[in-house]
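Worksheet for the structure shown next.
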Amino acid sequence: MDDKDVKRIESTERIIEVAIELGIKVRGNMGPCFRSERHKDNEAPTLFFNAVKNTFMCRTCPDVGGSVVDLICQQRGWQRQQALEWLEHRAEFDRRTHSMYHGKGRKK
Ligand SMILES: [Zn+2]
């Protein structure tokens, strides 16, 4: 996988959908930060998702933020490679499920 693939993944995987899959309770474009130890229980959500740029950031934590791949790495404590593979698998699974339910499948 080269940089071009990474760029493609980072621009095509929608960050809010990925966040929801990771278990983050997103409402609109905000969610609670996954570094919960740094935040108070009743604090308003500080994690902000930018659907246009496909990025995220925490308003409190300076080291929380970045691309869709950064989100997975930071939330799960994974290496970049592992996050990319997870995303690839997920995309492949999507395609297979589509072709199962929609006949020939959709072209991307
Ligand atoms: Zn935070």
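What follows draws every value from the coordinates through simple rules; no lab data is involved. Everything numeric here is computed off the predicted structure, so don't read it as measured data. Backbone-built Cβ (ideal geometry, glycine too); neighbour counts: all protein chains shown.
Here are the numbers:
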| quantity | calculated |
| --- | --- |
| Spatially close lysines, pair count over the chain: Cα under 23 Å, gap of eight or more or interchain | 9 |
| 10 Å-binned pair-distance histogram of region 1-98 (Cα, whole percent) | 15, 49, 28, 7, 0 |
| Modelled FRET efficiency - R0 30 Å, Leu22 with Ser99, Cβ distances, 0.05 increments | 0.75 |
| Region 56-79-region 35-54 distance, computed between alpha-carbon centres (Å) | 10 Å |
| Cα→Cβ-extended label distance, 7 Å offset, between Asp41 and Gln82, nm | 3.0 nm |
| Length-normalised contact order of the chain in % [C-alpha pairs under 8 Å, at least 6 apart] | 19 percent |
| Neighbour cut-off at most 10 other Cβ (10 Å), DSSP loop, trypsin sites (Lys or Arg not before Pro), region 47-78 | Lys53 |
